[in-house]
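Notes for the one structure printed next.
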Amino acid sequence: MASEANSSEKTPSFEMTWGSSTSSGYCSEEDSDSEFEQYFTARTSFFPKPPKPNVTDNNVKKDEQIESGKQELTTAEILQKVREYNSQINSNLFMNMNKDGSYTGFVKVQFKLARPVSVPAPKKGGPDAGGRRASGVKRRTSFYLPKDASKHLHISSRTSAREVIEALLKKFTVVDNPGKFALFERSERHDQVYLRKLPDDERPLRLRLSAGPNEKVLSFVLKENETGEVNWHAFSMPELKNFLLILQREEEEHVKQIVQRYTVARTKMLEALSGSTPG
């Protein structure tokens with residue numbers, strides 16, 4: 001299993017900015033409505049945004065199959081590849097061959113999460129804190145993982161993508177359902193970025209060995225699991241309440257933009273009428 005050494009209808013998308021006022025933004029189910037403002041930290045949107053030019057992941061192509069990781073290798077071929085892999089790295093993150101033909105090594109996973117994750121809420125002074133009795137309800141604190149955070153995991157060639165996801169969530173004490181996340185392989189070829197969602201039973205370390213240690217050739221990314229529709233029952237109460245706030249704010253912004261557009265048009269028409277002469 002993994003252990004530590006160093007992510008139709010679309011789900012709500014978020015654009016986050018980071019600063020001293022937002023680095024610890026969170027909300028638990030105990031918080032008042034005013035405190036829910038801390039839960040999201042910047043611009044948000046329930047509607048997909050068009051891709052921006054000159055972005056690193058522009059021209060991303062999904063579901064591109066990298067066949068190298070699918071090849072079945074003999075024990076001798078695996079041993080040779082492990083030796084070649086170890087000769088190319090400049091750290092102590094080596095791969096090691098086992099007597100049973102399996103091998104162990106490290107994979108680095110980068111987090112690309114748009115939504116906050118949930119962790120157990122900190123205990124506040126005992127069961128009767130704040131004059132309230134413990135209700136037996138499990139409370140959660142939600143927060144954004146730092147942008148582009150990454151984690152190294154020590155895994156086996158038999159460790160599945162699903163097990164990697166579960167291990168990552170455990171490292172950060174995230175209590176969200178692992179089904180809300182998916183592991184992707186990312187590669188750069190011919191100035192384009194290719195993403196492929198890994199099936200739950202795929203073996204990431206086999207892909208790592210076949211591709212070599214170069215992160216541009218292959219890297220792993222943890223993202224939200226895009227299932228084509230939003231399963232609102234999978235979200236916690238603070239998340240749902242904040243989604244409603246986000247929706248309200250976005251609706252107000254759209255109304256404001258429409259009113260401004262028609263006001264400008266009306267003003268120009270009136271100016272044209274006042275400046276024209278009858279005839």
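Just to verify a number: what accessible area does HIS254 come out at with the full protein assembly present, 1.4 Å probe, Å² rounded to tens?
90 Å²
At a Förster distance of 51 Å, what's the computed FRET efficiency of LEU270 paired with ASP191, Cβ-Cβ distance as r, to 0.05? Please list the in-between numbers first.
Details: r = 52 Å, r/R0 = 1.01.
Efficiency for this residue pair is about 0.50.
So, in region 134-209, how many Lys pairs have Cα atoms under 16 Å apart, if the pair is 8 or more places apart or on different chains? Don't skip to the end; give the middle numbers.
Numbers: LYS151/LYS170; LYS151/LYS171; LYS170/LYS180; LYS180/LYS197.
The number of close lysine pairs in region 134-209 is 4.
Under a plain spin-label model, where a point goes 7 Å from the Cα along Cα-to-Cβ, how far apart in nm are GLU226 and GLN80?
With each label point 7 Å from Cα toward Cβ, the separation is 3.9 nm.
As I understand it, the dipole of region 139-222 uses +1 on the Cβ of Lys and Arg and -1 on the Cβ of Asp and Glu, about the Cα centre. Which of HIS190, ALA211, SER156 lies farthest toward its positive end?
SER156
Between the DSSP loop rule and a limit of at most 15 other Cβ atoms within 10 Å, which trypsin sites (Lys or Arg not before Pro) in region 135-240 are left?
On the way: sites: LYS138, ARG139, ARG140, LYS147, LYS151, ARG158, ARG162, LYS170, LYS171, LYS180, ARG186, ARG189, ARG196, LYS197, ARG206, ARG208, LYS216, LYS223; in loops: LYS138, ARG139, LYS147, ARG158, LYS216.
Qualifying residues, ordered by number: LYS138, LYS147, ARG158, LYS216.
Taking a 1.4 Å probe, which of SER187, SER87, SER150, SER156 shows the most accessible area, and what order do the others take after it? Provide the component values of the computation, followed by the final result.
Values: SER187 5, SER87 90, SER150 50, SER156 25 Å².
Ranked from most to least accessible, the order is SER87, SER150, SER156, SER187.
Could you pull the accessible area for ASP148 with a 1.4 Å probe, rounded to 10 Å²?
The accessible area of ASP148 comes to roughly 70 Å².
So how exposed is LEU93, as accessible area in Å² (1.4 Å probe, rounded to 10)?
50 Å²
The values are calculated or read from the model by the stated rules, or taken from the named source; none is laboratory data. Quantities reported herein were computed from a predicted structural model and do not represent experimental measurements. Counting neighbours? That spans all protein chains shown, and the Cβs are built from the backbone with ideal geometry, glycine included. All accessible areas refer to the heavy atoms of the entire protein, side chains included, with ligands and DNA or RNA removed. Shrake-Rupley method; radii C 1.70, N 1.55, O 1.52, S 1.80 Å.
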